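> Let me begin by handing over the structure; questions about it come next.
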Amino acid sequence: MALDYDTFATRQAQARSQGRYLGLGIGYYVEGTSIGPYEGAHVRVEPDGHVFVSTGVTSQGQAHQTVFAQIVADQLGIEPQAVLVTAGDSQAFNWGVGTFASRAATVAGSAVHLAAVKVREKVQALAAELFEASAEDIELAAGKVFVRGAPQRSLTLGQMAIKANPLRYTYGDNARTLAAMNLAAARPGPALPPERDAPGLEADGFYSPPHGSFASGVHGAIIEVDLPTGMVSFVKYVAVHDCGRLINPMVVEGQVHGGVAQGIGGAFFERLVYDDTAQLLSSTFMDYLIPTAAEIPDITVEHIETPSPLNPLGMKGVGEAGVIPVAALFASALDDALSPWHIRIREMPLHPCRLHEILQQARGVPNN
């Protein structure tokens, strides 16, 4: 937190002399992620160069489309904007388990990766035949396919998709391009050799993890308690998280931010209140107190990348991690802030009224 404990203790003592009560809290966690049984994906290159990806998991706002597009783009040497992702549509891909337990990127993302690798290998095999080179020497970059060291003689990924279909490549401007490069001429043998498996550039990939993996981290925060009201404000919040290899650091950071906000809400603000007849009184956002940007502090996030050996991209889950340690962190910070009255927080969640009651009881002040 860029603040050693001795420095904080001095700051805390100075604040108490001014009637302000600061507390330092720390929460550690280990999160089980990436459970099976499996996920699958389909990757297909179209003649216009776009790549279609479909998978069975659904998105709840975790930017699956962005992350899966990045995974495919990395394998096929194209921009992520050229990748179109469909998720959770059984007509597009009918095998899938679901989005839960921080498993989408690790399990479905691995399936997307494996499918994209198969497509890449098909591209390399076809290009090796066309350019009379070794498949290991074929590169895919900037949307083009060429022999390493000779990018001046290249085909686009879309043209490779056309060439991969013995019917399609005989028509249109792309056919003329292929013919000019002597790549559309008749060849001996079948138009679709047995080793090519099927026309076009597409493949399925499935990934089944051997067992779950574990993300981990630690959060630290400084809070300030207002004694007369029982309100608590966050002065500083830092989260250090290890979810393995980061595919998109901005997405990971956003998920941690969202988790922390949800954790703060669950620890201190959000309540389901019922009257004596069991009627819910906090059924609207006028009464159910969700913290806003005014209550959520600036959050500093640091990443540690320890690749997981359990999947091909070394990822671990991240979706639920931000929320896990917040309640414990909040309780420990309150213990520290209210230590002059030997208060120990033994219940969670709290809310300002309940914390005010605890403070009044500890200070010997009668409740009105």
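The values are calculated or read from the model by the stated rules, or taken from the named source; none is laboratory data. No experiment lies behind these values; they were computed from the predicted model shown. With ideal geometry, Cβ positions are generated from the backbone for all residues, glycine too; neighbour counts draw on all protein chains shown. Surface accessibility is based on the protein's heavy atoms, side chains included, excluding ligands, DNA and RNA. Shrake-Rupley method; radii C 1.70, N 1.55, O 1.52, S 1.80 Å.
> Using alpha carbon coordinates only, what is the Rg to Rh ratio of the stretch 183-335, with Rh defined as the Kirkwood radius?
1.27
> Can you give the translational diffusion coefficient of the stretch 202-282 in µm²/s, computed by Stokes-Einstein from the Kirkwood radius over Cα pairs at 37 °C and 0.692 mPa s?
194 µm²/s
> Could you tell me what percent of the accessible area of the chain is made up of carbon and sulfur, with a 1.4 Å probe and every protein chain present?
Accessible surface attributable to carbon and sulfur in the chain totals 54 percent.
> State the extension gain, in nm to one decimal, for the chain segment bounded by residue 360 and residue 81, taking 0.36 nm per residue of separation less the distance between their alpha-carbons.
Extra length available between residue 360 and residue 81 comes to 94.6 nm.
> At 1.4 Å probe size, put 353, 243 in order of accessible surface, largest to smallest.
Accessible-area ranking of 353, 243, largest first: 353, 243.
> Related question: Treating the angle as unsigned and between 0 and 90°, give the value, to the nearest 10°, between the Cα long axis of helix 64-76 and the longest Cα principal axis of the chain.
40 degrees
> What FRET efficiency would be calculated for the residue pair residue 121, residue 100, taking the C-beta separation as r and a Förster radius of 22 Å, to the nearest 0.05?
Calculated transfer efficiency: 0.10.
> Enumerate the amide H contacts of residue 231 below 5 Å, restricted to partners 5 or more residues apart or on another chain; note that Pro and chain-start residues carry no placed amide H.
226
> Using DSSP, restrict attention to beta bridges with both residues in the stretch 1-119 and report what percent are antiparallel, rounded to the nearest 5.
50 percent
> I would also like to ask the following. Calculated from DSSP H runs of 4 or more alone, at -39500 (n - 2.57) each and per residue, what is the 222 nm mean residue ellipticity of the chain, nearest 500?
Rounded to the nearest 500, it is -9000 deg cm²/dmol.
> Just to be sure I understand the curve: with the Debye formula and one point per C-alpha of the stretch 32-118, what is log10 I(q)/I(0) at q = 0.14, 0.16, 0.19 Å⁻¹?
-0.41, -0.53, -0.75
> In units of 2.2 N^0.38 Å, what is the alpha-carbon radius of gyration of the chain?
Taking the Cα Rg and dividing by 2.2 N^0.38 Å, one obtains 1.36.
> Turning to a different aspect of this structure: Go through 144, 122, 163 and list them by solvent-accessible area, largest first, probe radius 1.4 Å.
Putting 144, 122, 163 in descending order of accessible area: 144, 122, 163.
> Report the FRET efficiency, 1/(1 + (r/R0)^6), for residue 90 and residue 282, where r is their Cβ-Cβ distance and R0 is 35 Å, rounded to 0.05.
The pair residue 90/residue 282 has a calculated efficiency of 0.40.
> Next up: Under the definition of Cα pairs under 8 Å and six or more residues apart, what whole-number percent is the relative contact order of the chain?
Normalised by residue count, the contact order of the chain is 23 percent.
> Which residues' amide hydrogens lie under 5 Å from the amide hydrogen of residue 236, considering only partners 5 or more residues apart or on another chain, with H built in the peptide plane?
Sorted by chain and number, the residues that satisfy this are 222.
> Right, another one. Grab the chain and count how many Lys pairs have their alpha-carbon atoms under 21 Å apart, sequence gap of 8 or more, or different chains.
5
> Something else now. Note the angle between two axes, namely the Cα long axis of helix 352-363 and the longest principal axis of the Cα atoms of the chain, as a number of degrees from 0 to 90, rounded to the nearest 10.
For helix 352-363, the angle is close to 40 degrees.
> Compute the helix-to-body angle for 5-17: its Cα long axis versus the longest principal axis of the chain, expressed 0 to 90° and rounded to tens.
Once rounded, the angle reads 40 degrees.
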